[in-house]
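Each remark here refers to the structure printed beneath this line.
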Amino acid sequence: MTPRHVLVIQLARLGDLVQTWPLLRQLRRAYPGAQLSLLSDEKLHDLAGFGPEIDGLSGLDLEKAAQLAPGRAGEAYNILSRAVENLKSRKFDIVYNLNFSRLSLLIAYLLGVPVVGCRPAAGGREVWREPWLAYVYGLVHARVFNRIHLSDMFRHLAPPATVPETTPPPAASREPLIAMQTATRHPKRTWPLTFYAELAGRLIETLGARIWLTGTAEERGLGESLIRSLPPSWRERVTNLQGITTLSELTERLKQADLLISGDTGTLHLAAAMGTKVVGIFLGPASCFETGPYGPEQWVVQAEPPCHPCAEAGPGCPEPVCRTMIPPKLAAEVASAACGQGEFPDEKYPGVRVYRTAMESFGVRYEVRAGRHLVWADLVGQAYRVAGAQVLGGGLQPLPLQAASLSLADRRNLQRLAGALRNGAVAVAPAVRQALVPLWAFEKTLASQTAWKEMEPPVQVVMQKVKKVLREELEKFV
């Protein structure tokens, strides 16, 4: 039965909320007559007027609830209880829960209606993931092979619908307005401030650009330091907006900008969603395939040392080489090309790739524009991407990759991996064992969830199909 009232729960931070917008649009197209509502963090409600059209918006003061929970559990319970009763009064037919936090699982459980996505089990204390989510979370166990974007992971929870055509934004003027976000939420993701300062200088000198610095009040000192490092004649071309814009004002500024240059931040996702061109500077744990700018004709400069992508948690790197692998000169050349005012760089930098996005029916695709040729991880990742489309039912087929040349070691590993998928043998080569980790994690998740033990088709049939698709894709490159 077609639902009449649909609720989407997204209680994560800014970037995750913006990356939920493609799902909201697809739900609107899949259920054009339904009432579509969103439950999110109250402090992000200023974005409501900039995202997809929804019929209802509910919120929780997550910061207040978190502060109350340790010592004032009664008040925290009252906040949750009022929120749940308000949602129940809306009489939702189905809930799309995008978070596996205890809070979102509990809310989804208490609403007492069918849940898609992260499904509550054991009274909301545990999570069950349906096959598509289980598949993508299997890839998280070996992220080097993940080629499925977070927005597409969310979007494919909804019934199939065509991806709308998006008109690329116009080329920048002769004096482009470029926004820069100089900080991220984690040091491992953050490009050095001195590099941003050099980049700003290059863009002012070569393009005559005007620069807006975006960020929080806590980051304002970074912007002031950047401005002081520039020659006096250039300082007037830089405006520090850090800490002086509301969320809605920031969004309006990003719509006016010709380009944003940023690490993996909520600001980056917001700019891309507004149709502004983006150059992402991705380091450390940040992988453009998972959380890069979403949409056509976007750009990412990605540092890819052997340890990429690393884990955000845990101790820092003894020698964080990735932070200095992307030179400001390269970032400036990519930014100029993105603004339509420069040739794309030909020079190659060891361990660095430049990607440009394109859209296909399956979702966003990151195409290599500069850097090393396709290697083992790319081809295994493509195979998992195609097999993921099969998990969805085979209606969406990613475009094929063209591997111009492979090293002998990569070719041998592809043969070994295809053989392991064919005969079920335990792989000996470490690289091949690593490539099988997502498959094993996917199977383990499905087998452990009692809700799916009676799934149709059975787990064994699903696994056989996935292995067959993986093998057939890999054999194309052998």
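Would you point out which residue out of Ile227, Ile211 is surrounded by 13 or more Cβ atoms within 10 Å (Cβ to Cβ), on the phi < 0 side of the Ramachandran plot and free of Cβ contacts under 8 Å to residues at least 24 places away in the same chain?
Result of the check over Ile227, Ile211: Ile227.
Exactly one of (1) buried (at least 18 other Cβ atoms within 10 Å of the Cβ); (2) of a type outside the set (Asp, Glu); (3) outside any loop (DSSP other than H, G, I, E, B); (4) not assigned by TED's automatic domain parsing to the domain that holds Leu17 is unmet by Ile148. Its number?
It is condition (3) that Ile148 fails.
Which count do you get for residues in region 1-42 that are part of a helix (DSSP H, G or I) and either buried (at least 21 other Cβ atoms within 10 Å of the Cβ) or touching a residue at least 60 places away in the same chain (Cβ under 8 Å) (or both)?
Residues that pass the stated criteria total 14.
Which of the following residues is out of contact with any Ser or Thr (no Cβ under 8 Å at 6 or more places or on another chain), under 14 Å from Trp132 (Cα atoms), at pLDDT below 85 and hydrophobic (A, V, I, L, M, F, W, C): Leu396, Leu392, Leu439, Leu406?
Checking each option against the conditions leaves just Leu392.
Find the residue count for region 306-345, including only residues that are touching a helix residue (DSSP H, G or I) at 6+ places or on another chain (Cβ under 6 Å) and of a type in the set (Lys, Arg).
0
Of the numbered conditions (1) surrounded by 21 or more Cβ atoms within 10 Å (Cβ to Cβ); (2) small (Gly, Ala, Ser); (3) without any contact (Cβ under 8 Å) to a residue 12 or more places away in the chain, Ala303 satisfies every one except a single condition; which is it?
Of everything listed in (1) surrounded by 21 or more Cβ atoms within 10 Å (Cβ to Cβ); (2) small (Gly, Ala, Ser); (3) without any contact (Cβ under 8 Å) to a residue 12 or more places away in the chain, Ala303 misses just condition (3).
Among the residues of region 331-345, which ones are touching a Phe, Trp or Tyr at 6+ places or on another chain (Cβ under 6 Å) and of a type outside the set (Gly, Ala, Ser)?
Val334, the sole residue that qualifies.
Suppose the filter is of a type in the set (Val, Ile, Thr), at pLDDT 90 or above and closer than 23 Å to Pro430 by Cβ; does Val368 pass it?
Spelling it out, it is not the case that Val368 is of a type in the set (Val, Ile, Thr), at pLDDT 90 or above and closer than 23 Å to Pro430 by Cβ.
Within 21 Å of Thr251 (Cβ to Cβ), of a type outside the set (Asp, Glu), in a loop (DSSP other than H, G, I, E, B) and in contact with a Leu (Cβ under 7 Å, 6 or more places away or on another chain) - does that describe any residue in region 58-79?
no
Of a type in the set (S, T, N, Q) and within 19 Å of Phe442 (Cα to Cα), is that true of Asn78?
No, not satisfied.
Among the residues of region 323-355, which ones are of a type outside the set (Gly, Ala, Ser), in contact (Cβ under 8 Å) with a residue 60 or more places away in the chain and in contact with a Pro (Cβ under 9 Å, 6 or more places away or on another chain)?
Across region 323-355, the qualifying residues are Arg323, Thr324, Lys329, Cys339, Gln341.
Among the residues of region 105-135, which ones are assigned to a helix (DSSP H, G or I), without any contact (Cβ under 8 Å) to a residue 40 or more places away in the chain and under 21 Å from the mean Cα position of the chain (by Cα)?
Leu133
Taking into account only those residues within region 286-304 that are within 12 Å of the chain's Cα centre (by Cα) and part of a loop (DSSP other than H, G, I, E, B), which is farthest from Thr265 (Cα to Cα)?
Per the criteria, the residue is Gly295.
The values are calculated or read from the model by the stated rules, or taken from the named source; none is laboratory data. This one's a predicted model, so the numbers in the text were calculated from it and none came from an experiment. We place every Cβ from the backbone using ideal geometry, glycine too, and count neighbours over all the protein chains shown.
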